[in-house]
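Reviewing the structure listed below.
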Amino acid sequence: MPIDLNELREYKGGKPDKYRTYMTQRFKSPEIVDQVLEMDEQVRSLQGERDNTRRLANKLQKEVIGPKKKAKEPCDDEVAELKELQKKVKGIEEAIPLVESKRNALLGKIGNIVDPEVPISQDEDADNLVVALYPSPPELEANPTLLPSPLGTLEYTIPATKPLTHDDLLWRIGGYEPVRGQNVAGHRAYFLTNAGVLLNQAIINYGIAFLRERGYQVVQPPFFMNKDVMAGIAQLEDFDEQLYKVSGKTDDPDGATEKYLIATSEQPLCAYHRNEWVPESELPLRYVGISTCFRKEAGSSGKDIRGIFRVHQFDKLEQFCLTVDDLEVSQVEQKRMLAAAKEFYEALGIPYRVVCLVSGELNDAAIKKYDLEGWFPGQQDYRELVSCSNCTDFQARGVGTRCGQKKQGEARASYVHMLNSTLCATGRGICAILENYQTEDGVKVPDVLKPYMGGMDFMPFVRGPMELSKGEKGKNKNKK
C-alpha cells in the first residue's frame, strides 16, 4: 500500500522534499526517500541498457547477419555476437524485477502525507491536541476559545468519579466469567453471560440503527483474509504484533493458502472493492462493518489484565467510507465520521474528550487521526473508545480501488480515498457504560439501549466482588 512513486520523481512533477519532510514529521528516516530514488534510477538504467542492447541485436540481425545469409557469406562471428547480446538482454530482464522488488519494498516504508492540523511530536501526554470536551466544563463555557489546546497545558474540571471499576461491576451483575474463559482459551479469554450478553447485543443493534439513519450500508465481512490480500492493507509489523495466522491446507508447505484473522472489519472492507473502478457518481460510499475481531495484543503484557477492556476477541462496529480522490472532500468526510461517533456516545451518556494525535503516533496510512476517549469514573481516567483516520488513497493503492479518469498531462492515476472510524468496540463500550451508570446496588441501562435489552432497564448486583487472583494477592502483600 505505498504512495504513488511518481510523487517522488522530479521528472514526473514529483516533490521528494515534501516526503522527506513528512518522514521527519513521523520521526522516521527521510533517507528512505533517497534510497527509493536511487533504486528507481537503477531500474531505469537497467531498462535503458536492455533497450540499447536489444536495438544493437536487432540492428546486427537486420543489417549484417540477414544480408550475409542472403548472400551466402560466412557470418559465424556475427551470430556469436548476436547470441551474446541476446544473453545480455535476458540477464538484464531477470535483474530488473529483483531491483524493482527491492525498490517497492522500500517505497512501502514511506508513510502518507501529514495533515497540517497534526501536532509534530512524539509525546502524546504533552502534545496531543484536545479539540472537544463533553460535557463542556465550566472553563470552556467561560472561554469558548479554550480549545483546541495541547493536552499537557490544558486545565479543566474533570467529570465526577465513582467507586467501582468496570471489571468489578461486570462480575457483580453476573455479566462474565473470566476464570472459566481462561481455562478454555487462555489469557484474556472470557465468557460473556446474561446481562453481559444483552448489553453486547444491545450496543450492536443500537449501533446498526444509529448508522442506518445516517445513510450507512450494513456489512458483515469474512472474519479471515488471504495472506496476499491482507499484505496489501496491513503494515508488516501488524502481522507479528496483532494478527493471528490460520493454517490452510495440510498439503501446503509453501503457505500459499495461509489466512489471517481480522483485527478490525476495516481490513476486509478495504478490500471490498478490490481491483474495482468505482464511478465518481456513486461516491461517497458509507459502510458500517459488524464483526468479531481478533488481536494478539503483543506488547500489552500487564495492561488491563482484568475485565474486557483489552482482550484477544471482541465485537466491533466500524465506520468505513470511500470518497473521491480529493483531499478537501475526504477531510470533510473525516469530520462527519467523527461527528457521528460523538453523537453516539452523547446518546449513550458517556463523557468524553477528542484529541488529534501527535505525528509520531500515526500509522503509515493515516494523515490524521482523532481519538475519542471516554471518561471512566471508576478508573478516574480517559480511555480510548474511538479511532478515526483519514488514509486518503494510501490503502486504495494497495487493493487497486480506482475512481474517476486520469486527466491529460497528469502523472498519477486517481484512487478513492478511504477513511475508517470506530463506532464502538462493544467490550470497551460495556466498560464505559458500567462505570458511568453504576449505583450502590447495580447498574442502570442507558435510555437508548432499553429497547434492545429485552425489557431490562436495571442490572442488579447478583454477587459480591470477585476474589483476587494469587498473583494479585502476592502484589498486595508485597506492597505492605
- prompt: When you look at GLN405, is it polar (S, T, N, Q), under 29 Å from THR165 (Cα atoms) and out of contact with any Cys (no Cβ under 7 Å at 6 or more places or on another chain), yes or no?
  reply: no
- prompt: So, of the residues in the stretch 313-325 that are in contact with a Ser or Thr (Cβ under 6 Å, 6 or more places away or on another chain) and surrounded by 23 or more Cβ atoms within 10 Å (Cβ to Cβ), which turns out to be nearest to LEU261 (Cα to Cα)?
  reply: GLU318
- request: Pull up the stretch 208-227, narrow it to residues that are of a type outside the set (D, E, K, R) and in contact with a Phe, Trp or Tyr (Cβ under 7 Å, 6 or more places away or on another chain), then point me to the one that is farthest from ALA425 (Cα to Cα).
  value: MET225
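Return the only residue of LYS259, LYS335, LYS369, LYS342 being closer than 28 Å to ASP168 by Cα and out of contact with any Pro (no Cβ under 7 Å at 6 or more places or on another chain). Quick ask: steps written out before the conclusion?
Values: LYS259 fails: closer than 28 Å to ASP168 by Cα; LYS335 fails: closer than 28 Å to ASP168 by Cα; LYS369 fails: closer than 28 Å to ASP168 by Cα.
When all the criteria are applied, what remains is LYS342.
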- request: Output the qualifying pairs, or none if there are none: Cβ atoms under 9 angstrom, residues six or more apart or on different chains, first residue in the stretch 12-36 and touching a residue at least 60 places away in the same chain (Cβ under 8 Å), second residue charged (D, E, K, R) and open to solvent by less than 40 Å² (accessible area, probe 1.4 Å).
  value: GLY14/ASP4; ARG26/ASP364; LYS28/ASP364; GLN35/ARG103; VAL36/ARG103
message: Regarding the stretch 457-469, can at least one residue be identified that is modelled with pLDDT under 90, open to solvent by 60 Å² or more (accessible area, probe 1.4 Å) and among the hydrophobic types (A, V, I, L, M, F, W, C)?
response: yes
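Only one of GLU328, GLU384 is at pLDDT 95 or above, under 21 Å from THR165 (Cα atoms) and surrounded by fewer than 20 Cβ atoms within 10 Å (Cβ to Cβ); which?
Among GLU328, GLU384, only GLU384 is at pLDDT 95 or above, under 21 Å from THR165 (Cα atoms) and surrounded by fewer than 20 Cβ atoms within 10 Å (Cβ to Cβ).
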field: Flag for ARG180 being free of Cβ contacts under 8 Å to residues at least 60 places away in the same chain and not small (Gly, Ala, Ser)
entry: yes
task: Could you list all residues from the stretch 14-58 that are outside any helix (DSSP H, G or I) and open to solvent by 60 Å² or more (accessible area, probe 1.4 Å)?
output: LYS15, PHE27, LYS28
Strands (runs of 3 or more DSSP E) lying entirely in the stretch 311-427 (those with 1 or more residues that are among the aromatic types (Phe, Trp, Tyr) and either out of contact with any Gly (no Cβ under 8 Å at 6 or more places or on another chain) or on the phi > 0 side of the Ramachandran plot (or both)): 368-376
Lone unmet requirement of (1) under 30 Å from LYS368 (Cα atoms); (2) without any contact (Cβ under 8 Å) to a residue 40 or more places away in the chain; (3) open to solvent by less than 60 Å² (accessible area, probe 1.4 Å) for GLU155: (3)
Residue selected from the stretch 119-150 under the condition assigned to a loop (DSSP other than H, G, I, E, B) and of a type in the set (A, V, I, L, M, F, W, C), by the criterion nearest to the chain's Cα centre (by Cα): ILE120
query: Would you call GLU435 under 30 Å from VAL197 (Cβ atoms), open to solvent by less than 10 Å² (accessible area, probe 1.4 Å), among the acidic types (Asp, Glu) and at pLDDT 90 or above?
result: yes
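Kindly provide the set of residues from the stretch 59-94 that are open to solvent by 90 Å² or more (accessible area, probe 1.4 Å) and of a type outside the set (Lys, Arg), ordered by number.
Step one: of the stretch 59-94, the residues open to solvent by 90 Å² or more (accessible area, probe 1.4 Å) are 59, 62-63, 69-70, 72-74, 76-77, 81, 83-84, 86-88, 90, 94.
The answer is GLU63, GLU73, PRO74, ASP76, ASP77, GLU81, GLU84, GLN86, GLU94.
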message: Of all residues being in contact with a Lys or Arg (Cβ under 8 Å, 6 or more places away or on another chain) and assigned to a strand (DSSP E or B) in the stretch 262-287, which is modelled with the highest pLDDT? Just the residue, please.
response: ARG286
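The values are calculated or read from the model by the stated rules, or taken from the named source; none is laboratory data. Since we're looking at a predicted model, the values are computed, not measured. Methodologically, a virtual Cβ is constructed for each residue, glycine included, from the backbone with ideal geometry; neighbour enumeration extends over all protein chains shown. Please note that ligands, DNA and RNA were not included when accessible areas were found on the heavy atoms of the full protein model with its side chains. Shrake-Rupley method; radii C 1.70, N 1.55, O 1.52, S 1.80 Å.
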